[in-house]
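**Student:** Pasting a structure here, questions to come.
Computed from the coordinates by the stated procedures, all read-outs in this text should not be read as laboratory data. From a predicted model like this one, the values you see are computed outputs, not experimental measurements. Note that each Cβ is placed from the backbone with ideal geometry, even for glycine, and that neighbours are counted across all protein chains shown.
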Amino acid sequence: MNHLSSRPKISGFTIVRNAIKYDYPVVESIQSILPVCDEVVVAVGKSEDDTLELIRNIPSDKIKILETVWDESLRTGGKVLAAETNKAFDAVSPDADWAFYIQADEVLHEKYHPVILEATTRYLHNEEVEGLLFHYTHFYGTYRFVADSRNWYRHEIRIIRNQKDIRSYRDAQGFRRHNRKLRVKLIDAHIYHYGWVKNPYQQQQKMQDLHVYWSDVAIPRHVLEAKDLYDYGKIDSVTLFQGTHPLVMQKRINSADWEVNLDPTVKNLSLKNRILATVEQLTGKRLFEYKNYELI
């Protein structure tokens with residue numbers, strides 16, 4: 001590992017396929033982590049559009065492109081996503097200390113760059129820390145709304161040690177080591193997730209194509225019956241976003257050509273989730289939360 005430089009060596013890695021077809025902000029995603037990374041490995045799956053050229057046109061010599069072909073037989077549970085993620089991780093330079101994983105619809109705000117550099121330096125020689133855990137902000141419908149019910153995960157591992165016995169888990173949401181949860185530290189940084197913010201036509205197309213990657217996912221009836229546009233009104237709870245978006249997202253935000261009108265005061269929660277939400281509001285604890293990590 002690289003312990004001689006002024007800071008740890010960080011390699012970014014991500015996967016992408018059909019970015020133009022599904023309007024993934026993958027260019028912004030990659031650009032958002034470039035300042036804290038010494039390289040970024042992009043595994044570009046064979047696509048139905050010009051995704052490969054899109055990535056090639058990002059003006060940075062830090063980017064390493066790995067052309068891949070997705071194995072369509074790995075559909076159950078989205079295993080193909082984990083397989084592709086492992087390909088990208090395995091292509092990370094062996095002398096990197098940390099590997100920063102980001103998905104094609106996730107973006108890092110530049111205000112968190114110092115936090116990441118500080119944390120990767122602080123825990124560099126603490127081998128007990130196998131990864132860094134991030135908070136999540138899930139945007140929904142437009143860039144104005146954030147989904148805030150317990151149905152949306154609050155944390156996930158996005159920086160791991162560059163040790164190849166760490167593997168992507170299930171549908172590439174998290175990581176495991178020898179099939180056990182990683183020991184991680186929570187840092188004061190958020191990943192902004194924009195996967196549910198796009199033109200309703202493209203969102204509808206993406207949802208109806210989900211079965212290509214998750215053969216065991218039941219697509220909701222209202223999605224299958226919709227002809228052209230995704231109905232963003234089928235949401236249990238949102239709140240208004242009060243912060244700022246990453247600078248790399250500004251052009252995309254300014255060019256958004258659709259609007260979604262949601263009422264943050266309307267909560268379509270089940271009785272169970274209403275009770276659990278009340279407990280969380282009073283105590284700050286989310287009961288029965290799934291955690292694919294061991295917090296230390």
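**Student:** Fewest Cβ neighbours within 10 Å first, please rank 207, 249 accordingly.
**Tutor:** Going from least to most buried by this count: 207, 249.
**Student:** Checking the table 9/185; 62/185; 185/267 against a 21 Å threshold on Cα-Cα, which pairs fail?
**Tutor:** 62/185; 185/267
**Student:** Also, quick follow-up: If exposed means no more than 11 neighbouring beta carbons inside 10 Å and the site is in a DSSP loop, what's the longest run of the chain without any exposed GluC sites (Glu not before Pro)?
**Tutor:** It works out to 129-258.
**Student:** Also, quick follow-up: Amide H neighbours of residue 64 under 5 Å, at least 5 residues apart or on other chains, H built in the peptide plane: list them.
**Tutor:** 40, 41, 42
**Student:** Take residue 282 and residue 267, extend 7 Å from each Cα along the Cα→Cβ direction, and tell me the distance between the two endpoints in nm.
**Tutor:** 1.3 nm
**Student:** Kirkwood Rh and Cα-based Rg: tell me the resulting Rg over Rh for the stretch 7-296, rounded to two decimals.
**Tutor:** 0.94
**Student:** Now a separate question. Given DSSP loops and a limit of at most 14 other Cβ atoms within 10 Å, what is the longest stretch of the chain that contains no such chymotrypsin sites (Phe, Trp or Tyr not before Pro)?
**Tutor:** Longest run free of exposed loop sites: 1-287.
**Student:** Just 275, 160, 187 to compare: in a GNM of the chain, with alpha carbon springs under 10 Å, which one fluctuates most?
**Tutor:** In the Gaussian network model the winner is 275.
**Student:** Is the stretch 68-196 best put as rounded, prolate or oblate by its Cα gyration tensor, with a ≥ b ≥ c the root eigenvalues, rounded for a/c under 1.5, and otherwise prolate when a/b is larger than b/c, oblate when not?
**Tutor:** Oblate is the answer for the stretch 68-196, as a/c is 1.5 or above yet b/c matches or exceeds a/b.
**Student:** What is the fewest-to-most order of 113, 125 by other Cβ atoms lying within 10 Å of their Cβ? Write out the running numbers ahead of the final one.
**Tutor:** Working: 113 15, 125 11.
Fewest-to-most ranking of 113, 125: 125, 113.
**Student:** Continuing with this model, one more query. Which value at 222 nm does the chain reach when only helices count, each DSSP H run of 4 or more adding -39,500 (n - 2.57), with the total divided by all residues and rounded to the nearest 500 deg cm²/dmol? Before the final figure, lay out the partial values.
**Tutor:** Numbers: 8 runs with 68 residues, N = 296.
Result for the chain: -6500 deg cm²/dmol, rounded to the nearest 500.
**Student:** Output ³J(HN,Hα) for the stretch 72-78: one whole-Hz value per residue in order, computed from phi by the Karplus curve 6.51 cos²θ - 1.76 cosθ + 1.60 with θ = phi - 60°, and x for Gly and Pro.
**Tutor:** Here the 3J(HN,Hα) series is 5, 6, 9, 8, 4, x, x Hz.
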